[in-house]
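> Before anything else, here's the structure in question.
What follows is calculated from the coordinates using simple rules that are stated; it is not laboratory data. Predicted model, so just to flag it, every value in this text is computed and none were measured. Positions of Cβ are backbone-derived with ideal geometry, glycine not excepted, and every protein chain shown enters the neighbour counts.
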Amino acid sequence: MKTTLSRLLVLCLLAGVALPASAQMRSNKFGVGASGSYYLVNVDYGSAEPSIGGSVDLSYSLMEYMSVRSSLGFGFLQAKSSTTGPTLNTAIMFGNLYLAADFIPHGSVNPFVFVGGSGMYIDARTGAGVALTGSETKQLKGTVIGGVGVDLFVNEFLSFTISGEMGLPVTDKIDGLSTGEKDSFQRISLGVRYYFFDQEFITRMLKALEGRYK
């Protein structure tokens, strides 16, 4: 009974106390979190205006140096007309799936690069809410995405993630116009993530701690 209580106490302390030196990203580690985003769009409509968004994020470490990441969220892509016309306010909803290469998977700081794709729902409108694309006001289009980021582990169970990505939508109508250069956008995100482990991992971790503090 004492041994069981001791193990539970150690696990609780490990979850609640920051241990940067031992923070790791291991195989079969599943993370769930949320992030806020800063967007900047490249369109033909005019000069880009900074905008915001957010998402729910998931990650799963497939093996030592490779993980799968995904996000489901929303954003507002805004620009100001180069003339005296109305402003742009395109709303997007997306589901992203990435494959990431983790450079320091056992470190408290893990830089990574990622590439993937997205299904993106686009509703291009002016700041006053007027549709910009006629009969194709709302579109569901694919997007190619790539970027870089870094995971900052507080302990085995908690991390903060900073990432920057470039999105290249299949459509050229983010701004409601199909002329000029191809539309694109950048997104910088700051998120927090909590990690779950398989039973095998927790057993190994407790045995290692038990042996260390005997």
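> List, in order, the whole-Hz ³J(HN,Hα) value for each residue of region 121-130 obtained from phi through the Karplus relation with A = 6.51, B = -1.76, C = 1.60 and θ = phi - 60°; use x for Gly and Pro.
8, 10, 10, 7, 9, 7, x, 8, x, 7
> Then there's this: How big is the Rg/Rh ratio for region 20-197, C-alpha atoms only, Rh by Kirkwood, two decimals?
Value, to two decimals: 1.05.
> Hey, for a label at Lys182 modelled as a point 7 Å past Cα toward Cβ, could you say which residues of region 56-83 have their backbone N under 15 Å away?
Residues passing the 15 Å test: none.
> Then there is this: With charges only on Cβ, +1 for K and R and -1 for D and E, what is the dipole size of region 20-197 about its Cα centre, in debye, rounded to 20?
In total the dipole reaches around 220 debye.
> Just want the ordering: Val68, Val41, from fewest to most Cβ atoms lying within 10 Å of their own Cβ.
Going from sparsest to densest Cβ surroundings: Val68, Val41.
> OK, next. Arrange Tyr65, Tyr98 by Cβ neighbour counts within 10 Å, fewest through most, would you?
Least crowded to most crowded, the residues run Tyr65, Tyr98.
> Please compute the contact order of region 20-197 in relative form: average sequence separation of alpha-carbon pairs under 8 Å and at least six residues apart, divided by the residue count, as a percent.
Computed value for region 20-197: 25 percent relative contact order.
> Under the 0.36 nm per residue contour assumption, what length would be gained going from the current alpha-carbon distance of Phe197 and Met66 to full extension?
Length gained, Phe197 through Met66: 45.5 nm.
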